[in-house]
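Structure provided below as structure tokens; questions to follow.
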Number of protein chains: 2
Amino acid sequence: MRYGIAIFPSKLLQDKINSYRKRYDPHYALIPPHITIKDPFEADEAELKEIISYIERVAAEAEPVKIDITKVSSFYPVNNVIYLKVEENSALSALHDQLYSGPLEHEQPYNFVPHLTLGQKFSDEEHSDVLERLKMLDIRHSETIDRFQLLYQLENGSWTVYETFRLKGGSRD
Amino acid sequence: MRYGIAIFPSKLLQDKINSYRKRYDPHYALIPPHITIKDPFEADEAELKEIISYIERVAAEAEPVKIDITKVSSFYPVNNVIYLKVEENSALSALHDQLYSGPLEHEQPYNFVPHLTLGQKFSDEEHSDVLERLKMLDIRHSETIDRFQLLYQLENGSWTVYETFRLKGGSRD
């Protein structure tokens, strides 16, 4: 099966993001607004067991992560994805790195640029129009992330949550 | 926020069900195929904390649940919902009852009829056509459920997973 690891931000932020995704993101119906912390990878059942034990250990040690969103940005010219940029964040990067280690050591298709997609698959012209418009919005927002999700992909392209991992470092919970 | 509790069956079964939902279920994009074990309810943050502790205790004691699907059925004439019937199942009913007790004591809008929706919002004519056709399929299937999900609803009607609970009864895991 094809798995991925993602963070769902607060409902407040998801609702805000969905108000743009509804118009601009063809993947709107496939998964809620999210920060991808590990790109899709294949695993079988035996591997999955080891992977889950490993992620549990990672989550047990990692502390909740504060994220700061300060602006709208784009991956253009690599691709026409417009997103909310999550500021440089060593805690999030450390989590990402751990989710590419041990039984999760996979090649990384991209550098890790934490983001929340607002829209994608734009034509070049539409991309520059929408980006210019969205860049004028005041979208500053901060929140603390205390969990992340392991998901698998269905045949229709949508994602189902398999397991929730709480960032428990520093607590006795 | 508005919460609900549901079981996602195996990917195999979800893919099968989605092949029908795609055509017949207007809620197709809002949530993966699921068995609702507690209907939507409102809770605030303080209540949520107590609710989660309670569900953790329930899940720690409950054993994985075997489910058997034997036929396609309908809630007609109450409403035009066509579904895969999950056979009478005392373990599942016990779980449902616990999720309507303690801090989760809410009025039950319906009797508990565990099911996986294939389609809904049919006209009467379409309902009887589709039901007749689907009833001829051999959809027998059994599997064991080892987890369930607490979800919350976004403004667009879709559901995001907040927490996964594993049915751990009988194990030391």
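The values are calculated or read from the model by the stated rules, or taken from the named source; none is laboratory data. Remember, it's a predicted structure, so these values are computed and weren't measured experimentally. For neighbour counting, all protein chains shown are included, and Cβ atoms are generated from backbone atoms with ideal geometry for every residue, glycine included. Quick note on the areas: whole protein, heavy atoms, side chains included, nothing else; ligands and nucleic acids left out. Shrake-Rupley method; radii C 1.70, N 1.55, O 1.52, S 1.80 Å.
Kindly provide the set of residues from the stretch A:1-12 that are out of contact with any strand residue (DSSP E or B) (no Cβ under 6 Å at 6 or more places or on another chain) and farther than 19 Å from A:PHE165 by Cα, ordered by number.
Within the stretch A:1-12, A:LEU12 is the sole residue that qualifies.
Any residue in the stretch A:1-27 that's within 19 Å of A:SER158 (Cβ to Cβ): show its pairings with residues that are part of a helix (DSSP H, G or I) at Cβ separation under 7 Å, as long as the two are six or more apart or on different chains.
These pairs meet every condition: A:MET1/B:LYS11; A:PHE8/A:GLN14; A:TYR24/A:VAL130.
For the stretch B:58-171, which strands (runs of 3 or more DSSP E) that fit wholly inside it have 1 or more residues that are more than 21 Å from B:ARG21 (Cβ to Cβ) and touching a helix residue (DSSP H, G or I) at 6+ places or on another chain (Cβ under 9 Å)?
Result: B:65-74, B:147-153, B:159-166.
On to the next question. If I ask for residues that are more than 9 Å from chain A (Cβ to nearest Cβ), without any contact (Cβ under 8 Å) to a residue 40 or more places away in the chain and either hydrophobic (A, V, I, L, M, F, W, C) or open to solvent by less than 60 Å² (accessible area, probe 1.4 Å) (or both), which ones from the stretch B:134-156 would you list?
Answer for the stretch B:134-156, where residues must be more than 9 Å from chain A (Cβ to nearest Cβ), without any contact (Cβ under 8 Å) to a residue 40 or more places away in the chain and either hydrophobic (A, V, I, L, M, F, W, C) or open to solvent by less than 60 Å² (accessible area, probe 1.4 Å) (or both): just B:MET136.
If you don't mind, another one. Can you name the residue in the stretch B:2-38 that is facing chain A (nearest Cβ under 9 Å) and of a type in the set (Ser, Thr, Tyr) and, of all such residues, is nearest to the chain's Cα centre (by Cα)?
B:TYR28
Moving to a separate point now. What about B:SER53, is it open to solvent by 60 Å² or more (accessible area, probe 1.4 Å), small (Gly, Ala, Ser) and either assigned to a helix (DSSP H, G or I) or over 21 Å from B:LYS71 (Cα atoms) (or both)? Break it down stepwise before answering.
On the way: open to solvent by 60 Å² or more (accessible area, probe 1.4 Å): no; small (Gly, Ala, Ser): yes; either assigned to a helix (DSSP H, G or I) or over 21 Å from B:LYS71 (Cα atoms) (or both): yes.
Here the answer is no, as B:SER53 does not meet what is asked.
Separate question: Take A:ASP39 and tell me if it is open to solvent by less than 60 Å² (accessible area, probe 1.4 Å), in contact with a Gly (Cβ under 6 Å, 6 or more places away or on another chain) and not hydrophobic (A, V, I, L, M, F, W, C).
Criteria not met by A:ASP39.
Taking B:PHE122, is it of a type in the set (Phe, Trp, Tyr) and more than 15 Å from the chain's Cα centre (by Cα)?
Numbers: of a type in the set (Phe, Trp, Tyr): yes; more than 15 Å from the chain's Cα centre (by Cα): yes.
The answer is yes for B:PHE122.
Can you tell me which of (1) open to solvent by 40 Å² or more (accessible area, probe 1.4 Å); (2) within 14 Å of chain A (Cβ to nearest Cβ); (3) farther than 17 Å from B:GLN14 by Cβ is the one B:TRP159 doesn't meet?
Unmet for B:TRP159, out of (1) open to solvent by 40 Å² or more (accessible area, probe 1.4 Å); (2) within 14 Å of chain A (Cβ to nearest Cβ); (3) farther than 17 Å from B:GLN14 by Cβ: (3).
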